[in-house]
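Heads up: the structure comes next, in structure tokens.
The values are calculated or read from the model by the stated rules, or taken from the named source; none is laboratory data. Quick caveat: nothing in here was measured; it's all calculated off a predicted structure. Ideal geometry is used to build each Cβ from the backbone, glycine not excepted, and the neighbour counts take in all protein chains shown. Side chains included, ligands, DNA and RNA excluded: accessible areas come from the protein's heavy atoms. Shrake-Rupley method; radii C 1.70, N 1.55, O 1.52, S 1.80 Å.
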Amino acid sequence: MKIICLARTYAKHAKELGNPVPENIVLFMKPATSLLKPGNDFYYPEFTKDLHHECELVVRIGKNGKHIDPQFARNYIDQLTVGLDLTARDLQADLKSRKHPWEIAKAFDHAAPIGKLIPLPEKDFHDIHFELKKNGESVQTGHTKDLLFKIEDIISYISQFITLQQGDLIFTGTPEGVGSLAIGDHLEAYLEGEKLLDLKIK
Ligand code: ZN
């Protein structure tokens, strides 16, 4: 199982971090060891002083595929949820400034908590609302109509390079509103109003 994450797929988020809006899909990966399944707490790591939340729609791959045509891409997704692309923003900023890969800032253990997976809804991928609450207050809201790339095109693009396998997860990128976390924070993430993720930072 692998986790593929998209970067800068919402224009307002690219802007808030001072990044240009990309013309092409930009992706990176997290290893299987970064997955944090529902029901577990997250322990704030000692190597960062600026851990950020990025709340994202996550799609799960339901069957293996390579060179997937966008018109058939939906058939390769069987479940959805919300996830947090946890990021050591201070490490990432330092690596970016030196033009190094930012892997350790995003691929560390348990850097990818996910919510409960739900079956693929009938509705269009690009009409899905999601939200993150921190300590009961809404901090991020997203609507997939604002995605700069269609999910079908994202699946197709990835599969030109990397074989997608059943169980793989794709984090589709964060809307604006990313921010710092502290020990004691309580995070709840919702998809279409249904709470799927409940996480405590310890
Ligand atoms: Zn992200």
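Consider I104 carefully, then state whether it is aliphatic (A, V, I, L, M) and more than 16 Å from the ligand (Cβ to nearest atom). It is false that I104 is aliphatic (A, V, I, L, M) and more than 16 Å from the ligand (Cβ to nearest atom). Scanning segment 49-65 for residues that are over 8 Å from the mean Cα position of the chain (by Cα) and β-branched (V, I, T) yields V59, I61. Within segment 88-101, is even one residue at pLDDT 95 or above, assigned to a strand (DSSP E or B) and surrounded by fewer than 16 Cβ atoms within 10 Å (Cβ to Cβ)? Looking through segment 88-101, none of the residues is at pLDDT 95 or above, assigned to a strand (DSSP E or B) and surrounded by fewer than 16 Cβ atoms within 10 Å (Cβ to Cβ). Candidates are the residues of segment 165-181 that are within 13 Å of the ligand (Cβ to nearest atom) and of a type in the set (S, T, Y); the one that is surrounded by the fewest Cβ atoms within 10 Å (Cβ to Cβ) is T172. Looking only at residues that are touching a Lys or Arg at 6+ places or on another chain (Cβ under 9 Å) and open to solvent by 50 Å² or more (accessible area, probe 1.4 Å) in segment 1-25, which one is nearest to D153 (Cα to Cα)? This residue is V21.
Of all the criteria given as (1) part of a helix (DSSP H, G or I); (2) of a type in the set (S, T, N, Q); (3) surrounded by 13 or more Cβ atoms within 10 Å (Cβ to Cβ), the one not satisfied by Q71 is (3). For segment 23-64, a residue qualifies if it is among the β-branched types (V, I, T) and modelled with pLDDT of 95 or more, and the qualifying residues are T33, T48, V58, V59, I61. Applying the selection to segment 1-35, what residues are among the charged types (D, E, K, R), closer than 30 Å to G65 by Cα and either in contact with a Phe, Trp or Tyr (Cβ under 7 Å, 6 or more places away or on another chain) or within 14 Å of the ligand (Cβ to nearest atom) (or both)? R8, K30, listed by residue number. For segment 68-85, the criterion of being among the polar types (S, T, N, Q), closer than 15 Å to K116 by Cα and out of contact with any helix residue (DSSP H, G or I) (no Cβ under 6 Å at 6 or more places or on another chain) is met by at least one residue.
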